[in-house]
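The structure under discussion appears below in the form of structure tokens.
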Amino acid sequence: AAFSMLARIATSDDSKVSDAEYRKVLDFIDRDLQLDAYSRSSALRVFQAALRTEGSFEDFALQFQQHFSTQTGLILLMMDIMYRVSTADGPPGPRARDMLAAAERIFMLPPDVRESLRARYLGASSGQKSRASYVPAGNSKPYEVLNISPEASDEDVRRAYRSLSREFHPDMIASKGLPQEFSKFAEAKFLEIQEAYEEIKRRRGLK
């Protein structure tokens, strides 16, 4: 389901996957999932097969949601990589935008999380800004890691930190019996969450 969604996103406005989009898929496999050589080869075969399979984007999104509805971290990872692929060649086209919106609805993402993703990859509002606007400003980076806005209250910051820390805690991931590749991703994400929270506390003078 994950690779089928990426395949639909990559070919949403063109029948071919561009070099930039393919590199984003490879980056997801190598950096986020950190697959070994055998698993990497298998993942690429799955992606190539997904380009030829039938089924709507919404069907695959529903399948993913049914399996991972209680695992916020994996849902956010999936949304993030879909945004990365959709913006690989510039602003996403109408069909890609429709797919992203459908995924956000099916995954039941809170409004602040949706806005954080759109601000990160599409710009603050309309998404018609230059390519440079996709890179988040340094001041907002730790807030984006926690999927909250810089205007969030101190309590909202703490709540987001506690929720994400539980979701990505290595012991929690291990208890769910997920593949080792997700454990590696969770460990890196867990560290990123800790660093982001410490940076926000430093800026706000929180104890």
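What translational diffusion coefficient, in µm²/s and rounded to a whole number, does the Stokes-Einstein relation yield for the chain at 10 °C and a viscosity of 1.306 mPa s, taking the hydrodynamic radius as the Kirkwood radius over Cα pairs?
Details: Rh = 17.8 Å.
Result for D is 89 µm²/s.
What relative contact order, as a whole-number percentage, does the chain give when Cα pairs under 8 Å and 6 or more residues apart are counted? Show your work: numbers first, answer last.
Values: 199 pairs, mean separation 43.3, N = 207.
Worked out over the chain, it gives 21 percent.
Between D59 and L26, how many nm apart are label points set 7 Å from Cα along the C-beta direction?
3.1 nm
Give me the net charge for the shell around R158: Cβ to Cβ below 12 angstrom, other residues only, Lys and Arg +1, Asp and Glu -1. Mind showing how you got there, number by number?
Values: positive: R159, R162, K201, R204, K207; negative: D154, E155, D156.
It works out to a net charge of +2.
Determine the principal axes of the Cα atoms in the range 3-110, then give the extent along each, sorted from largest to smallest and rounded to whole angstroms.
Principal axes ranked by extent give 35, 31, 25 Å for the Cα atoms.
For a Förster distance of 45 Å, can you work out the FRET efficiency between the beta-carbons of A37 and E155, rounded to the nearest 0.05?
Details: r = 46 Å, r/R0 = 1.02.
Step by step, r from the Cβ atoms, then E = 0.45.
Could you give the dipole magnitude of the range 2-62 about its Cα centre, charging the beta-carbon of Lys and Arg +1 and that of Asp and Glu -1, in debye to the nearest 20?
Numbers: 8 positive and 11 negative charges, 42 e Å.
Charge dipole of the range 2-62: 200 debye, to the nearest 20.
Among S153, I9, G123, which residue has its Cα positioned farthest towards the positive end of the charge dipole of the chain, with +1 placed on the Cβ of Lys and Arg, -1 on the Cβ of Asp and Glu, and the dipole taken about the Cα centre?
Comparing the listed Cα positions along the dipole, S153 ranks first.
Picking from Y38, Q48, I75, whose Cα lies most toward the positive end of the charge dipole for the chain (charges on Cβ: Lys, Arg +1; Asp, Glu -1)?
The Cα lying farthest towards the positive end belongs to I75.
Under a Cβ-only charge scheme (Lys and Arg +1, Asp and Glu -1), can you give me the dipole magnitude of the chain about the Cα centre, in debye to the nearest 20?
Values: 30 positive and 30 negative charges, 58 e Å.
Here the size comes out at about 280 debye.
Describe numerically, in nm with one decimal, the distance between label points set 7 Å from Cα along Cα→Cβ at A49 and at D98.
With each label point 7 Å from Cα toward Cβ, the separation is 2.8 nm.
Could you pull out the pairs from K141/K184; K141/K207; K16/K141; K24/K201 whose alpha carbons sit more than 27 Å apart here? Show your work: numbers first, answer last.
On the way: K141/K184 22 Å; K141/K207 20 Å; K16/K141 33 Å; K24/K201 33 Å.
Pairs exceeding 27 Å: K16/K141; K24/K201.
Read-outs throughout are calculated quantities, based only on the coordinates presented, and are distinct from any laboratory measurement. Owing to the predicted nature of the structure, the values given are computational and were not obtained by experimental measurement. Here the Cβ is made from the backbone with ideal geometry for all residues, glycine too, and neighbour counts use every protein chain on show.
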